[in-house]
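Asks: Dumping the structure here so I can ask a few things about it.
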Amino acid sequence: MTTTEEDAAAAPGASRVLVLNSGSSSVKYQLLDMRDHSRLASGLVERIGEETSRLVHTPPAGGGGQVRERLGRFPDHEAALRAAAEELAADGLGLDSPELAAIGHRVVHGGLRFTEPTVITDEVLKEIERLVPVAPLHNPANITGIRTAQALRPDLPQVAVFDTAFHTTMPEYAARYAIDVETADAHRIRRYGFHGTSHAYVSRKTAELLGRAPKDVNVIVLHLGNGASASAVAGGRCVETSMGLTPLEGLVMGTRSGDIDPAVTFHLKRVAGMSADEIDVLLNKKSGLVGLCGDNDMREIRRRIDEGDARAALAFDIYVHRLKKYIGAYSAVLGRVDAVVFTAGVGENSSPVREAAIGGLEELGLVVDADLNAVRSGEPRLISPDYARVAVAVVPTDEELEIANQTFALVDN
Ligand code: ADP
């Protein structure tokens, strides 16, 4: 096992990074070549621990290989990762390859300690374990992924890239909840923020799109996937973000409520007789778009709206109203905004969401050009007219590439 930072150098000439994203019942993996940032192979193992697990593996493009699927039972993350390693080996990309420089792990919660990507030592792993009480749903799976990868390649540097790290620059007045300080500190209750690798990557790419240095631009990033969060990034540093102690706070999401009056939870307990676990499930899994209209896929919601469905229309309006509030709030926080940028599944693909969220904000210098907004593309692009005071952009996120970049930067020598 890698136990010291000094052991963390990659083998000379090794240029590949395996990125692992271990969820509670799934593992996503991507193998990238850092010489040209090409994606060599990728895959997903889902329903780990259930009766029928499923592995889908995408081999290197251009090699003539087909996407492969395996159905079977993978009882735990170790079995899942071993199966993924076998698939990679079948493409000649086995984990034993001398070209593999490192493994980069997405770790959801880094608390206040981890402000940067970190080589995983025994001490670092213990610290990630100590954060389990603040991230009970996420960090245990990440830890299992790390341990399994270490067992497969004990000699290889492994790096943790934290979802929270980019947000550790938030000023104390943005990060602290206005609750009793002793209670908050005793239980490490504060706003941490998530989706940090995406916010970091997209804000930097937006500066590039504007032809300016990140330190010279102020950006509002709207990461709208199934989970959704906004951030205000001033000169490359995050100063505010919408998720808090957990990913529940902030925007309306696919299945999460986002902001509500905290008293709703006491009300549900006292008046509706729900337990803490039931309220947790209600707010995280049965709320947001799915709670409002029964669907969390924006494509389906738009289709229903086109057919005149009033519930879908109201869900859409609530979603967009919350977005507008955050754009306004973050404009005030930043003082000067150079760009508002949309990313992730909804942000990259849903022109109606972008149009509705920016509509009516001319006073803030925000305008969307209908033709530019209608363009479908996988490239970073502007959707505001030339005359607009503030740029509006669409920038596809790439969390795996960002994790690979940060991992490689630490181990390349
Ligand atoms: P996550 O990584 O949080 O699971 P994604 O960033 O992949 O989510 O976003 C998934 C969501 O993106 C879907 O639930 C759907 O609402 C939305 N989405 C994907 N493609 C489109 C599309 N073509 N048009 C509108 N929305 C889309």
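Asks: Name the shape class, rounded, prolate or oblate, that the alpha-carbon gyration tensor gives for the stretch 183-321, where a ≥ b ≥ c are the square roots of its eigenvalues, rounded holds for a/c under 1.5, and otherwise prolate holds if a/b is larger than b/c and oblate otherwise.
Replies: Since a/c reaches 1.5 but b/c is at least a/b, the shape of the stretch 183-321 is classed as oblate.
Asks: For a test of the definition: using alpha carbon positions, the gyration tensor, and the 1.5 limit on a/c, classify the stretch 254-336 as rounded, prolate or oblate.
Replies: On the way: a/c = 2.61, a/b = 1.15, b/c = 2.27.
Taking the square roots of the gyration eigenvalues as a ≥ b ≥ c, the stretch 254-336 is oblate.
Asks: Setting aside same-chain residues fewer than 8 positions from Lys215, which lysines have a Cα under 30 Å from its Cα?
Replies: Those lysines meeting the cut-off are Lys205, Lys324, Lys325.
Asks: Ok, one more. Would you work out the charge dipole size for the stretch 193-242 about its Cα centre, treating the Cβ of every Lys and Arg as +1 and the Cβ of every Asp and Glu as -1, and quote it to the nearest 20 debye? Don't skip to the answer; put the middle values down first.
Replies: Details: 5 positive and 3 negative charges, 25 e Å.
For the stretch 193-242, the charge dipole is close to 120 debye.
Asks: Which aspartates and glutamates does Lys286 reach when only Cα atoms under 12 Å apart count, and residues fewer than 8 places away in its own chain are ignored?
Replies: Glu278, Asp295
Asks: If you put +1 on each Lys and Arg Cβ and -1 on each Asp and Glu Cβ, how big is the dipole of the chain around its Cα centre, in Debye rounded to 20?
Replies: With only Lys, Arg, Asp and Glu charged at Cβ, the dipole is about 680 debye.
Asks: Then there is this: Given the Cα-Cα distance of Arg299 and Ile318 and 0.36 nm per residue of separation, how much length would full extension add, in nm?
Replies: 5.2 nm
Asks: A follow-up question, please. Considering the chain, what Rg and Dmax in Å follow from its alpha-carbon atoms?
Replies: 21.6, 64
Asks: As I understand it, the dipole of the chain uses +1 on the Cβ of Lys and Arg and -1 on the Cβ of Asp and Glu, about the Cα centre. Which of Ala312, Pro380, Ala41 lies farthest toward its positive end?
Replies: Ala312
Asks: Please identify every one of the trypsin sites (Lys or Arg not before Pro) in the stretch 34-78 that sits in a loop by DSSP and has no more than 10 other beta carbons within 10 Å of its own beta carbon.
Replies: Arg35
Asks: List the longest stretch of the chain that has no exposed loop site; here a site is one of the GluC sites (Glu not before Pro) assigned by DSSP to anything other than H, G, I, E or B, with at most 12 other Cβ within 10 Å.
Replies: 52-306
Asks: Let me ask something additional. Rounded to the nearest 0.05, what FRET efficiency is calculated for Arg381 and Thr265 with R0 set to 35 Å and r the Cβ-Cβ distance?
Replies: The calculated FRET efficiency here is 0.25.
Asks: Quick one: which of 150-158, 134-142 comes out on top by average Cβ neighbours within 10 Å, and what's the full order, highest first? Mind showing how you got there, number by number?
Replies: Values: 150-158: 17.4, 134-142: 19.2.
The packing order, highest mean first, is 134-142, 150-158.
Asks: Hey, another quick one. Between the alpha-carbon centers of the stretch 260-311 and the stretch 167-183, tell me the distance in whole angstrom.
Replies: 28
Asks: If you don't mind, there's one more thing I want to ask. If you take every DSSP beta bridge whose two residues both sit in the chain, what share of them, in percent to the nearest 5, is antiparallel?
Replies: Counting DSSP beta bridges with both partners in the chain, the antiparallel share is about 65 percent.
Asks: For the stretch 324-413, state which trypsin sites (Lys or Arg not before Pro) are in a DSSP loop and have at most 16 other beta carbons lying within 10 Å of their beta carbon.
Replies: Answer in residue order: Arg336, Arg376, Arg389.
Asks: Quick one: Karplus J couplings for the stretch 187-194, per residue in order, coefficients 6.51, -1.76, 1.60, θ = phi - 60°, nearest Hz, x for Gly and Pro?
Replies: Listing the rounded values in order: 10, 6, 8, 6, 8, 9, x, 9 Hz.
Asks: Once you charge only the Cβ atoms, +1 for Lys and Arg and -1 for Asp and Glu, what is the size of the charge dipole of the stretch 213-320 about its Cα centre, to the nearest 20 debye?
Replies: Working: 12 positive and 15 negative charges, 24 e Å.
So the dipole magnitude of the stretch 213-320 works out to roughly 120 debye.
Asks: How much mean residue ellipticity at 222 nm does the chain get from its helices, if each DSSP H run of length 4 or more adds -39500 (n - 2.57) and you divide by all residues, to the nearest 500 deg cm²/dmol?
Replies: Taken over the chain, the calculation gives -11000 deg cm²/dmol.
Asks: Rounded, prolate or oblate: which fits the stretch 4-147, taking a ≥ b ≥ c as square roots of the Cα gyration tensor eigenvalues, rounded meaning a/c under 1.5, else prolate when a/b beats b/c?
Replies: Oblate shape, in that a/c is at least 1.5 and b/c is the bigger or equal ratio.
Every number here is computed from the coordinates shown, using simple stated rules; none is lab data. Computed from a predicted model, the values in this text were never measured in an experiment. Because the Cβ atoms are built from the backbone with ideal geometry, glycine has one as well, and the counts that use them run over all protein chains shown.
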